[in-house]
1. Applying the selection to the stretch 177-186, what residues are within 20 Å of Glu215 (Cα to Cα), surrounded by fewer than 16 Cβ atoms within 10 Å (Cβ to Cβ) and either in contact with a strand residue (DSSP E or B) (Cβ under 8 Å, 6 or more places away or on another chain) or among the polar types (S, T, N, Q) (or both)?
2. Quickly run through the stretch 685-709 and pick out the residues that are part of a helix (DSSP H, G or I), modelled with pLDDT under 80 and closer than 27 Å to Leu632 by Cβ.
3. So Ser184 clears everything in (1) at pLDDT 90 or above; (2) among the polar types (S, T, N, Q); (3) more than 30 Å from Lys256 (Cα to Cα) except one condition, right? Which one?
4. Write out, first by first residue and then by second, each pair whose Cβ atoms fall under 7 Å of each other, whose residues are 6+ apart or on separate chains, and whose first residue, in the stretch 298-311, is farther than 10 Å from Arg283 by Cβ and among the small types (Gly, Ala, Ser) while the second is assigned to a helix (DSSP H, G or I) and open to solvent by less than 60 Å² (accessible area, probe 1.4 Å).
5. Does Ser23 meet the test of being under 15 Å from Lys123 (Cα atoms), open to solvent by less than 70 Å² (accessible area, probe 1.4 Å) and not charged (D, E, K, R)?
6. Is there any pair with a first residue in the stretch 705-725 that is without any contact (Cβ under 8 Å) to a residue 12 or more places away in the chain and polar (S, T, N, Q) and a second that is in a strand (DSSP E or B) and open to solvent by 50 Å² or more (accessible area, probe 1.4 Å) whose Cβ atoms are under 7 Å apart and which are 6 or more apart or on different chains, and what are they?
7. Which of the residues belonging to the stretch 21-53 are without any contact (Cβ under 8 Å) to a residue 24 or more places away in the chain and closer than 26 Å to Val117 by Cα?
8. Which members of the stretch 646-655 meet the condition of being part of a loop (DSSP other than H, G, I, E, B) and open to solvent by 60 Å² or more (accessible area, probe 1.4 Å)?
Amino acid sequence: MELCVPMSKKILLVEDEALIAMSEKRELEKYDYLVHHVTTGEKAVQAILDNVLPVDLILMDIDLGSGIDGTQAAEKILNHKDIPVVFLSSHTEPEVVEKTEKITSYGYVVKNSGIVVLDASIKMAFKLFEANRRILGSEIKQKTMLANISDVIVIIDKKGVNRYKSPNITKLFGWKPEELIGKSTWDNVHPDDLRDAQLFFNGIMEEPGATGTAEFRYRCKNGEYAIIEITLMNLLHDKVIQGLLGNYHNISNRKKIEEEQLALAALVENSNDIAIVKNIERRIISGNKNFVQASMSESLSDLVGKTDADILGIPEDQEPVHSYMLDDLKALKLKPGESLLREEGIPSEEGLLRTYMTRKFPISIASKVIGIGVITTDITTQKQNEEEIKSQNTLLSMIMETSPVGITTVDKTGNITYANKRAEEILGLVKGEITSRTYDAPLWNHTDLDGSPLLDEKQPFNIVKTTMTTAYNVQHGITWPDGGVVLLSINASPMKDIDGNFNGMVATLEDITDAKNNEEIIFKQLTEKETMVKEVHHRIKNNISSIESFLSLQADDTNNVDAKKILNNATSRVQSMRILYDKLLMGKSFEEASIKEYADSIIDSIVEIFGEKKDIITEKEISDFIISTKILFPIGIIINELFTNIYKYAFKDRNSGTIFISIKKTKNLVTLIIHDNGIGIDERKKLNKSPGFGLTIVKMLVEQLQGTYSIQNDNGTKFQLLFNI
């Protein structure tokens, strides 16, 4: 049977673009939806949390300006209230749609799909929501019926008094049900756990149908405390239960075993040595990564279940396996806390004899020995012999010689002591030519990066003299004997001996010639891109100018007074967009522009339209500051709407008047004031044959700016707008 959606459903529309929101709201209201509009995710969350108005469904845009986006707002709302949310967005990317599906599954509608598609999506969301609610109700009843009957079943009223205890409480905790019914459930909770238990209880009480699980200590009849795990469900609303329905059981033994197992796991995994756990049959049941590595196995699973003989490939009756297994048997007979130590030498694959200390001890859980713990530590004395030093020096030399950057070293007197192969290539000299010099005697003709001679204080050897004990970075050019120029970046750091005394410098040299050339290419490409973007904006401006001209021609061509006014109003609004593009094309940035230049141009264009009213004077006090173009456009529309209305209606039966406009910025607060000395707002409403549309646009745009405004009679009409940037 198809679900019939009631009419006049209440929808919260979350859309930051004022004109788009006004259009969507009108379309939805034609389908008998009651629509409330907010502009930000924060306002949407607050409207739901404060229950400002009953809402049946939320239509959520994703991009909501500078605050939280639509997905974040939806998550915050759904954490507090179960309500269908349908995302309405211009995004069609799969990753965006997938992200919304993880939050809610009630629908995703692409903007401009049409009111028919949007209406169908809303109705489908209501169907899914009702179906989910029926399923949830069924699940709650099933959980209540399938409670574990081997546990103690309890019903607690909202004051915390026991109203029912199942008979098996006697077997599990010693109490008879009649000894506890009518008594406070808190009487038997351990004092140290009482606060947490009451917080858990109160949390379940807050929401009908809520469930939760907690652990705390519960007093048995013999006075001892047991750790219980209790699950509660809020059925205060249920006509039969009328309380919190719960089931609990004793988990003391489980907790003890878990703690001992966690301690054992930590011992095995966190040990820096080789750690092994065997069962009483002396077979491996666990081990850490060091054990796996020492056994030359790929994973621990390859070793579990094996004996030492299996791993070593030696029969059990042969040494050293036999004596090692005897130690296992001895360890099983030790008391808790005792251990068996064994020191042994084992040849390594490299033919070296290494010495290990092995400690074995019994592992007990719940006073029962279940296996053997083995910790093996490498105690071989580390000796640095000449061969090792030679090997390390060879390795270091190979690394330096094959380094992709040039490397040079200088002793503490300034003599160049080493240069690798790459340094030879970069400097255009052989190693002997480099190491025969000092930094006091320049090897090359140094230049700046642009090819000009270096100043004396920038000469590399002078820098070395003054910064010999500190790290430094310089960039300069060198001219090879054949006239070629190489640009270098040099990073140098001091070297210190074992006592921390300065012992010279090590420097790395990088050829940055190509990088610098690439920078010039990139700069040229960026310049070309900027020119292309400017051309695109120029074409957009021309298209807007064409639209403006078409509207103006149509207005001139019609004899219908009302149609002419509508077309002139539309022309004026399009004109404000064209003026904005004019300012962008003249500026250096396409993301922001001067508010003074923009406002002056709009006002001048309006004055020109109403040229026959030349005795109406415009006074301006407009500060010159830069502002985002996203903010400039709505400001331009507001100025256009208010100035046009003033020219049309404020000076009826008068040939003269004054319009004052002020735009100021104090820190982040912008104040816009438009004040005329005409007939006043009340009289103007009477003269306006289509009242409300212009001011409706102004109101919507003020909300888009997240600002506040006022209109009052003050020797004429005074409009004031405040908003933050």
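1. Passing the criteria: only Ser184.
2. Hits for the stretch 685-709 are Phe693, Gly694.
3. Checking Ser184 against (1) at pLDDT 90 or above; (2) among the polar types (S, T, N, Q); (3) more than 30 Å from Lys256 (Cα to Cα), the one that fails is (3).
4. Ser299/Val292; Ala309/Val321
5. no
6. So the pair list comes out as Ser710/Gln720.
7. The answer is Ser23, Lys25, Arg26, Glu29.
8. Lys652, Asp653, Arg654, Asn655
The values are calculated or read from the model by the stated rules, or taken from the named source; none is laboratory data. These numbers come from a predicted model, not from an experiment. For neighbour counting, all protein chains shown are included, and Cβ atoms are generated from backbone atoms with ideal geometry for every residue, glycine included. Heavy atoms of the whole protein, side chains included, go into the accessibility calculation; ligands, DNA and RNA do not. Shrake-Rupley method; radii C 1.70, N 1.55, O 1.52, S 1.80 Å.
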